[in-house]
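The values are calculated or read from the model by the stated rules, or taken from the named source; none is laboratory data. This is a predicted model, so every value here is computed, not measured. Counting neighbours? That spans all protein chains shown, and the Cβs are built from the backbone with ideal geometry, glycine included.
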Amino acid sequence: MRALGFVAGSIAALALASPGAKASPVMHASTEAFVSIAYAPGSNSTLGQVAAERRVIGNMFDGSNATLLSLGLGGSISFLIAPTENTIIGSTVFELTNLGSGHKERARLFLGNDLGDWVEIGTLLNQEFGSQVINLNPLVASLEVVAFGPATGFGLTVLEGSFNSLRLVDASPTTGRNLDGFDIATLSITSLSRPVAIPEPAAALLLSVGLLGLAMGARARARA
Ligand SMILES: [Ca+2]
Ligand SMILES: [Ca+2]
(Lines give C-alpha, C1' and ligand atoms only; values in the text may rest on other atoms or scores of the structure.)
(Ligands and ions follow the chains in the order given, each with its own letter.)
Protein backbone atom coordinates (compact mmCIF):
# COMPACT_ATOMS: atom_id res chain seq x y z
CA MET A 1 0.00 0.00 0.00
CA ARG A 2 3.03 2.31 0.14
CA ALA A 3 2.85 2.82 -3.65
CA LEU A 4 -0.82 3.88 -3.47
CA GLY A 5 0.01 6.34 -0.71
CA PHE A 6 2.69 7.83 -2.95
CA VAL A 7 0.14 8.28 -5.75
CA ALA A 8 -2.29 10.07 -3.43
CA GLY A 9 0.56 12.29 -2.24
CA SER A 10 1.50 13.19 -5.81
CA ILE A 11 -2.06 14.18 -6.70
CA ALA A 12 -2.30 16.31 -3.57
CA ALA A 13 0.99 18.02 -4.48
CA LEU A 14 -0.32 18.82 -7.97
CA ALA A 15 -3.44 20.38 -6.48
CA LEU A 16 -1.36 22.52 -4.10
CA ALA A 17 0.74 23.84 -7.01
CA SER A 18 -2.29 25.33 -8.77
CA PRO A 19 -1.99 29.08 -9.35
CA GLY A 20 -4.32 31.16 -7.25
CA ALA A 21 -2.35 33.65 -5.21
CA LYS A 22 -2.32 37.01 -7.01
CA ALA A 23 1.10 38.67 -6.98
CA SER A 24 1.33 42.45 -6.93
CA PRO A 25 3.52 44.24 -9.51
CA VAL A 26 7.09 45.18 -8.59
CA MET A 27 8.38 48.60 -9.68
CA HIS A 28 12.03 48.77 -10.76
CA ALA A 29 13.11 52.42 -10.62
CA SER A 30 16.43 52.45 -8.75
CA THR A 31 19.84 50.87 -9.30
CA GLU A 32 19.09 48.48 -6.42
CA ALA A 33 16.02 47.16 -8.29
CA PHE A 34 18.29 45.54 -10.88
CA VAL A 35 20.76 42.66 -10.70
CA SER A 36 22.84 44.51 -13.27
CA ILE A 37 22.75 47.47 -15.62
CA ALA A 38 25.15 47.06 -18.54
CA TYR A 39 25.90 50.49 -20.04
CA ALA A 40 28.11 50.78 -23.11
CA PRO A 41 28.08 54.46 -24.12
CA GLY A 42 28.61 55.30 -27.77
CA SER A 43 30.24 58.49 -28.99
CA ASN A 44 29.39 62.17 -29.04
CA SER A 45 29.80 63.54 -32.57
CA THR A 46 31.68 66.66 -31.43
CA LEU A 47 33.06 65.86 -27.95
CA GLY A 48 34.28 62.41 -28.90
CA GLN A 49 32.70 60.84 -25.84
CA VAL A 50 29.47 61.40 -23.96
CA ALA A 51 29.88 64.19 -21.37
CA ALA A 52 30.61 62.86 -17.85
CA GLU A 53 27.43 64.31 -16.33
CA ARG A 54 25.41 62.39 -18.93
CA ARG A 55 27.00 59.05 -18.10
CA VAL A 56 25.47 58.83 -14.60
CA ILE A 57 23.20 55.76 -14.18
CA GLY A 58 21.33 57.42 -11.27
CA ASN A 59 20.13 60.20 -13.58
CA MET A 60 17.44 57.79 -14.81
CA PHE A 61 16.11 57.19 -11.30
CA ASP A 62 16.21 60.64 -9.63
CA GLY A 63 12.61 61.57 -10.45
CA SER A 64 13.72 64.53 -12.56
CA ASN A 65 13.43 64.85 -16.32
CA ALA A 66 16.09 67.58 -16.22
CA THR A 67 18.89 65.07 -15.60
CA LEU A 68 19.58 62.37 -18.13
CA LEU A 69 21.77 59.51 -19.24
CA SER A 70 22.83 59.63 -22.89
CA LEU A 71 23.34 56.42 -24.83
CA GLY A 72 25.81 58.07 -27.19
CA LEU A 73 25.75 57.35 -30.91
CA GLY A 74 25.47 53.58 -31.29
CA GLY A 75 25.59 53.11 -27.51
CA SER A 76 23.42 50.73 -25.50
CA ILE A 77 22.11 49.94 -22.05
CA SER A 78 20.70 46.64 -20.78
CA PHE A 79 18.77 46.02 -17.57
CA LEU A 80 18.38 42.72 -15.67
CA ILE A 81 15.62 43.02 -13.08
CA ALA A 82 15.80 41.75 -9.51
CA PRO A 83 14.59 39.20 -8.73
CA THR A 84 15.42 37.55 -12.04
CA GLU A 85 12.51 35.10 -11.51
CA ASN A 86 10.09 37.96 -12.19
CA THR A 87 8.75 38.69 -15.67
CA ILE A 88 8.52 42.18 -17.15
CA ILE A 89 4.98 43.38 -17.81
CA GLY A 90 5.70 46.97 -18.79
CA SER A 91 8.11 49.88 -18.87
CA THR A 92 8.08 53.64 -19.21
CA VAL A 93 10.96 55.58 -20.77
CA PHE A 94 11.15 59.39 -20.92
CA GLU A 95 13.51 60.90 -23.49
CA LEU A 96 14.53 64.53 -23.20
CA THR A 97 15.22 66.76 -26.21
CA ASN A 98 14.91 70.51 -26.41
CA LEU A 99 12.36 71.51 -29.04
CA GLY A 100 13.99 73.03 -32.09
CA SER A 101 17.42 71.59 -31.31
CA GLY A 102 17.25 69.54 -34.47
CA HIS A 103 18.61 66.52 -32.61
CA LYS A 104 16.77 63.62 -34.17
CA GLU A 105 17.32 60.74 -31.79
CA ARG A 106 15.89 57.25 -31.60
CA ALA A 107 16.51 53.93 -29.91
CA ARG A 108 15.65 50.31 -30.65
CA LEU A 109 14.03 48.44 -27.75
CA PHE A 110 14.54 44.73 -27.05
CA LEU A 111 13.27 42.25 -24.44
CA GLY A 112 15.25 39.20 -23.41
CA ASN A 113 16.26 36.87 -20.64
CA ASP A 114 19.40 37.00 -18.50
CA LEU A 115 20.79 39.76 -20.76
CA GLY A 116 20.52 37.55 -23.86
CA ASP A 117 18.09 35.98 -26.33
CA TRP A 118 17.01 39.48 -27.37
CA VAL A 119 13.70 39.95 -29.19
CA GLU A 120 13.36 43.31 -30.97
CA ILE A 121 10.11 45.01 -29.96
CA GLY A 122 10.35 48.30 -31.85
CA THR A 123 11.83 51.78 -32.06
CA LEU A 124 11.30 54.91 -29.92
CA LEU A 125 11.58 58.19 -31.86
CA ASN A 126 12.06 61.47 -29.98
CA GLN A 127 10.25 64.79 -30.31
CA GLU A 128 12.42 65.98 -33.22
CA PHE A 129 11.27 62.83 -35.01
CA GLY A 130 7.64 63.74 -34.16
CA SER A 131 7.35 61.63 -30.96
CA GLN A 132 6.48 58.31 -32.55
CA VAL A 133 7.00 54.60 -32.09
CA ILE A 134 7.49 51.74 -34.50
CA ASN A 135 5.97 48.45 -33.32
CA LEU A 136 7.91 45.55 -34.83
CA ASN A 137 6.53 42.70 -32.74
CA PRO A 138 2.95 43.63 -31.78
CA LEU A 139 2.02 40.11 -30.70
CA VAL A 140 4.81 40.06 -28.08
CA ALA A 141 4.59 43.66 -26.84
CA SER A 142 3.23 47.04 -27.83
CA LEU A 143 4.85 50.46 -27.72
CA GLU A 144 3.03 53.78 -27.53
CA VAL A 145 3.73 57.44 -26.83
CA VAL A 146 2.25 58.21 -23.40
CA ALA A 147 3.44 61.82 -23.02
CA PHE A 148 4.32 64.50 -25.56
CA GLY A 149 6.69 67.39 -24.96
CA PRO A 150 10.39 68.02 -24.38
CA ALA A 151 10.35 64.85 -22.29
CA THR A 152 8.58 62.39 -24.57
CA GLY A 153 7.18 59.42 -22.65
CA PHE A 154 7.16 55.97 -24.21
CA GLY A 155 5.13 53.10 -22.76
CA LEU A 156 5.84 49.39 -23.25
CA THR A 157 3.23 46.72 -22.55
CA VAL A 158 4.24 43.06 -22.70
CA LEU A 159 1.49 40.87 -24.16
CA GLU A 160 3.09 37.45 -24.48
CA GLY A 161 6.15 35.61 -23.19
CA SER A 162 8.37 35.93 -20.12
CA PHE A 163 11.30 38.35 -20.02
CA ASN A 164 13.58 39.57 -17.24
CA SER A 165 15.78 41.87 -19.33
CA LEU A 166 15.25 45.05 -21.34
CA ARG A 167 17.73 46.67 -23.74
CA LEU A 168 17.89 50.02 -25.52
CA VAL A 169 20.28 50.54 -28.44
CA ASP A 170 20.84 53.98 -29.89
CA ALA A 171 19.94 54.21 -33.58
CA SER A 172 20.18 57.97 -34.05
CA PRO A 173 21.48 59.41 -37.31
CA THR A 174 25.23 59.96 -37.04
CA THR A 175 25.16 63.39 -38.63
CA GLY A 176 24.29 66.61 -36.82
CA ARG A 177 25.54 69.05 -34.20
CA ASN A 178 26.59 68.00 -30.69
CA LEU A 179 24.72 64.71 -30.88
CA ASP A 180 25.10 62.16 -28.12
CA GLY A 181 22.23 59.89 -29.07
CA PHE A 182 19.07 58.93 -27.23
CA ASP A 183 18.79 60.58 -23.79
CA ILE A 184 17.01 58.71 -20.99
CA ALA A 185 15.61 61.20 -18.47
CA THR A 186 13.50 58.72 -16.47
CA LEU A 187 13.11 54.95 -16.75
CA SER A 188 11.06 52.42 -14.86
CA ILE A 189 10.19 48.76 -15.42
CA THR A 190 7.28 46.88 -13.87
CA SER A 191 7.32 43.12 -13.30
CA LEU A 192 5.32 40.29 -11.79
CA SER A 193 6.47 37.04 -10.24
CA ARG A 194 6.27 34.24 -12.80
CA PRO A 195 3.53 31.65 -12.29
CA VAL A 196 4.75 28.39 -10.72
CA ALA A 197 5.38 25.86 -13.48
CA ILE A 198 2.83 23.07 -13.10
CA PRO A 199 1.94 20.21 -15.45
CA GLU A 200 -0.86 20.87 -17.93
CA PRO A 201 -4.17 19.24 -16.84
CA ALA A 202 -3.84 16.57 -19.52
CA ALA A 203 -0.22 15.86 -18.56
CA ALA A 204 -1.16 15.74 -14.87
CA LEU A 205 -3.90 13.21 -15.65
CA LEU A 206 -1.50 11.04 -17.67
CA LEU A 207 1.03 11.25 -14.83
CA SER A 208 -1.62 10.16 -12.32
CA VAL A 209 -2.75 7.29 -14.53
CA GLY A 210 0.87 6.27 -15.06
CA LEU A 211 1.59 6.29 -11.32
CA LEU A 212 -1.60 4.34 -10.66
CA GLY A 213 -0.45 1.77 -13.22
CA LEU A 214 2.90 1.51 -11.45
CA ALA A 215 1.13 1.05 -8.13
CA MET A 216 -1.17 -1.67 -9.51
CA GLY A 217 1.86 -3.42 -10.97
CA ALA A 218 3.63 -3.26 -7.63
CA ARG A 219 0.53 -4.73 -5.87
CA ALA A 220 0.26 -7.50 -8.47
CA ARG A 221 3.94 -8.38 -8.02
CA ALA A 222 3.56 -8.30 -4.23
CA ARG A 223 0.67 -10.84 -4.46
CA ALA A 224 2.56 -13.10 -6.88
CA1 LIG B 1 16.48 62.12 -14.49
CA1 LIG C 1 21.15 63.43 -27.09
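Here are the numbers:
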{"quantity": "In segment 114-146, residue farthest from ligand 1 (Cβ to nearest atom) [restricted to those that are assigned to a loop (DSSP other than H, G, I, E, B) and not small (Gly, Ala, Ser)]", "calculated": "139"}
{"quantity": "Test: residue in segment 44-62 that is within 16 Å of ligand 1 (Cβ to nearest atom), surrounded by 22 or more Cβ atoms within 10 Å (Cβ to Cβ) and of a type in the set (Gly, Ala, Ser)", "calculated": "no"}
{"quantity": "Which listed residue is within 21 Å of residue 66 (Cβ to Cβ), in the same structural domain as residue 68 (by TED's automatic domain parsing) and among the polar types (S, T, N, Q), from 126, 164, 135", "calculated": "126"}
{"quantity": "Single residue of 168, 192, 139 found to be crowded, with 16+ Cβ neighbours inside 10 Å, over 25 Å from residue 47 (Cα atoms) and modelled with pLDDT of 85 or more", "calculated": "192"}
{"quantity": "Subset of segment 91-109 [more than 15 Å from ligand 1 (Cβ to nearest atom), of a type in the set (D, E, K, R) and out of contact with any Leu (no Cβ under 6 Å at 6 or more places or on another chain)]", "calculated": "104, 105, 108"}
{"quantity": "Unique residue being assigned by TED's automatic domain parsing to the domain that holds residue 30, within 16 Å of ligand 2 (Cβ to nearest atom) and under 21 Å from the mean Cα position of the chain (by Cα) when the list is 78, 70", "calculated": "70"}
{"quantity": "Candidate set from segment 63-75 (those that are small (Gly, Ala, Ser) and within 15 Å of ligand 1 (Cβ to nearest atom)); member that is surrounded by the most Cβ atoms within 10 Å (Cβ to Cβ)", "calculated": "70"}
{"quantity": "Residues located in segment 149-188, provided they are within 16 Å of ligand 1 (Cβ to nearest atom) and not in a loop (DSSP other than H, G, I, E, B)", "calculated": "151, 152, 153, 154, 168, 183, 184, 185, 186, 187, 188"}
